[in-house]
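A short worksheet on the structure shown next.
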Amino acid sequence: MTVALVDASGPLQPATLVPSISKSDAQRALVLSYALGANLELPPDGWPDDLAVLSRGLQQLPRAAAEQQTVDCRDGGAPFRFLLGQAAITPRAHVRFIGTPRLGQRPRAPLLSALVKALGPHGFRTSLAGDPWPLDITGAGTTGEPRFEIDASESSQFASSLALAAGALARRENRAWTIALIGPLASEPYLDLTLRWMRLAGLSVRSKGSEITVESGNPTPGLPPIPGDWSSIGYLLPIAWRARGTTVARVDLRSEHPDREIVRHLQSIGLNLVERPDGLAVEGVTSGALDATGRSCPDLLPTLAAIACVLQAPSLLRDVTILQAKESDRLAGITSLVTAFGARAQREGDDLRIHPAIRPPEEFEVDSRGDHRMVMAATTLAILGRCRVRVTDPYCVSKSFPGFWGELQKTGMLCEAE
């Protein structure tokens, strides 16, 4: 197993850090481009792994009616769920889904059940040929009542997958489709992000109570450019604060992305975000503590946990159970990260209270469990603590931020594979 030694104990030099393109925005735009035929411009290289997985899968779907296609989703939760929705509405498509064991353990039953209920009488079939893979599906030949019902309490991606499928069907059939949400919705801002992209693609989308109605709308020739990734920006902003004079480029403060919450959280602990000609700078002295919830920005919680370790008072991360079904058990990962740094994590029901370290260690070790966000959170913590960290599987950051290590080396931070 590859281990990287990240040495952030020395002085850092000013730099301009550039985040990846937004994986969550690009995934939704890519599906809509495929389903509706709208033009989408993406950079020629430097794609997050999840986006490459989704793109390959979408390219395979048109061939699936002629011969079975094996789609490898690797460990991509959103690619698998979005591809499943599109495959289910591809007439007589034969698709075999495979992926990592961890992806097979993540929630999928509610989405499969919703598709079977809506499309099963019209030819949609699913069978599990192994545990947990491969999963074989046959796309529906026709459709009936234009309605999906979904329990998205475990993941908003279930609802997003059905909304994207409904958009394709509404345009294809020229009739309205409805998505009915049953019970509470996890990470609602991410479903809002999906609906915003659907509107940008020219679809008519209305929400009333627990139901979303999608109509054909007016076709648009092209989709807007993909913005910078707020999850990546979430690591770079606290790093820019530590590396005085550093700025973060490609930041749109008007964005409605859920992970833009990092701005509010940094401001809540006394930091100021200052716009410079080459990007956004972070200045000020921290005070107080963080109070954040996994219901609005679950992907930020590892980053916020790292910041909490160097504050002056205990922070509270709420609604953390949702983290257990991510690429790794991020709740366990955060607890290990905090403990390794010499801080203390205290579970309080569905919340986690983090008591900051009295004195940062000179060096600590973290098992990332192959989770890109845990690698970047551990590195961010080492930079904030002015210390060294040994972290496993450092290159898994390519899942969302392929350029992470290159950007940090601009500051003079040392990183060596052992």
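The values are calculated or read from the model by the stated rules, or taken from the named source; none is laboratory data. Quick caveat: nothing in here was measured; it's all calculated off a predicted structure. Here the Cβ is made from the backbone with ideal geometry for all residues, glycine too, and neighbour counts use every protein chain on show. Side chains are part of the model used for accessible areas, which takes the heavy atoms of the whole protein and leaves out ligands, DNA and RNA. Shrake-Rupley method; radii C 1.70, N 1.55, O 1.52, S 1.80 Å.
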Q) Size of the dipole of region 177-283 about the Cα centre, Lys and Arg at +1 and Asp and Glu at -1 on the beta carbon, nothing else charged, in debye to 20? A) 140 debye
Q. Just how far, in whole angstrom, is region 294-373 from region 1-42 if you go by their alpha carbon centroids?
A. 22 Å
Q: Kindly write out, for region 218-225 in residue order, the coupling ³J(HN,Hα) from the Karplus curve 6.51 cos²θ - 1.76 cosθ + 1.60 (θ = phi - 60°), rounded to whole Hz, with x marking Gly and Pro.
A: 10, x, 10, x, x, 9, x, x
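Once you order the gyration tensor axes a ≥ b ≥ c over the Cα atoms, which shape class does region 348-405 get: rounded for a/c under 1.5, otherwise prolate or oblate by comparing a/b with b/c?
oblate
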Q) Using the per-residue mean of other Cβ atoms lying within 10 Å as a proxy for protection, in what order, highest first, do the peptides 289-298, 365-374, 127-136 fall? A) 365-374, 289-298, 127-136
Q) Under a point-charge model restricted to the Cβ atoms of Lys and Arg (+1) and Asp and Glu (-1), what is the dipole moment magnitude of region 301-418 relative to its Cα centre, in debye to the nearest 20? A) 280 debye
**Q.** region 203-251 and region 108-150: distance between their alpha carbon centers, rounded to Å
**A.** 30 Å
Q | Simple Cβ-charge dipole of the chain, Lys/Arg +1 and Asp/Glu -1, about Cα centre, in debye nearest 20 | A | 600 debye
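In whole percent, how big is the carbon plus sulfur part of the accessible area of region 326-418, probe 1.4 Å, protein atoms only?
Using a 1.4 Å probe with all protein chains present, region 326-418 comes out at 46 percent carbon and sulfur.
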Q: Quote to one decimal, in nm, the extra length available between residue 324 and residue 210 on full extension: 0.36 nm per residue of separation minus the C-alpha distance between them.
A: 38.4 nm
Q. For residue 395, what accessible area in Å² do you get when you roll a 1.4 Å probe over the heavy atoms of the protein chains, rounding to the nearest 10?
A. 140 Å²
Q) Hey, any idea what the orientation-averaged projected area of the convex hull of the chain's Cα atoms comes to, in nm²? A) 19.5 nm²
**Q.** Most positive-pole-ward Cα, 389, 400, 293, against dipole of region 291-418 from beta carbon charges
**A.** 293
Q: Taking 7 Å along the Cα-to-C-beta vector as the label spot, tell me the residue 196-residue 145 distance in nanometres, rounded to one decimal.
A: 3.3 nm
Q: Provide the FRET efficiency to the nearest 0.05 for the residue 105-residue 253 pair, computing r from the beta carbons and using R0 = 41 Å.
A: 0.65
Q | Average Cα contact separation per residue, region 21-127, under 8 Å, 6 or more apart, as relative contact order % | A | 23 percent
Q | Isotropically averaged projected area of region 242-330, using the convex hull of Cα atoms (one quarter of hull area), nm² | A | 6.3 nm²
Q. Rounded, prolate or oblate: which one fits region 176-240, using the alpha carbon gyration tensor with axes a ≥ b ≥ c (rounded when a/c is under 1.5, else prolate when a/b beats b/c, else oblate)?
A. oblate
**Q.** Tail beyond 24 Å, pair distance distribution of region 50-149 (Cα, percent)
**A.** 14 percent
Q.
Tell me the per residue accessible area of the chain using a 1.4 Å probe; a whole number in Å² is fine.
A. 39 Å²
Q: Estimate the FRET efficiency between residue 363 and residue 278 by the formula 1/(1 + (r/R0)^6), using the beta-carbon distance for r and 30 Å for R0, to the nearest 0.05.
A: 0.35
Q. Could you give the nm distance between label points at residue 346 and residue 188, where each point is 7 Å from its Cα heading toward the beta carbon?
A. 3.0 nm
Q: Just reorder 246, 143 by solvent-accessible area, largest first, 1.4 Å probe, all chains present.
A: 143, 246
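Going by the alpha-carbon gyration tensor, a ≥ b ≥ c the square roots of its eigenvalues, is region 292-418 rounded (a/c under 1.5) or, if a/c is not under 1.5, prolate (a/b greater than b/c) versus oblate?
oblate
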(Q) Students often check this: by mean Cβ neighbours within 10 Å, which of 165-175, 215-225 ranks highest, and how do the rest follow? (A) 165-175, 215-225
Q) Any idea of residue 410's accessible area? Nearest 10 Å², probe 1.4 Å. A) 80 Å²
Q: Just the number, please: carbon plus sulfur as a percent of the accessible area of region 116-195, 1.4 Å probe, no ligands or DNA/RNA counted.
A: 50 percent
Q. What nm distance separates the two modelled labels at residue 176 and residue 52, each placed 7 Å from Cα along Cα→Cβ?
A. 4.3 nm
Q) Say a paramagnetic label sat at a point 7 Å from the Cα of residue 16, along Cα to Cβ; which residues of region 223-259 have their backbone N under 12 Å from it? A) 247-251
Q) Summing -39500 (n - 2.57) over the DSSP H runs of n ≥ 4 in the chain and dividing by its residue number, what mean residue ellipticity at 222 nm do you reach, to the nearest 500 deg cm²/dmol? A) -10500 deg cm²/dmol
Q. Projected onto the charge dipole of the chain (+1 at Lys/Arg Cβ, -1 at Asp/Glu Cβ, origin at the Cα centre), which of 308, 38, 110 gives the Cα projection farthest towards the positive end?
A. 38
**Q.** Residues of region 378-399 with amide N under 15 Å of a point placed 7 Å along Cα→Cβ from residue 414
**A.** 383, 386-390
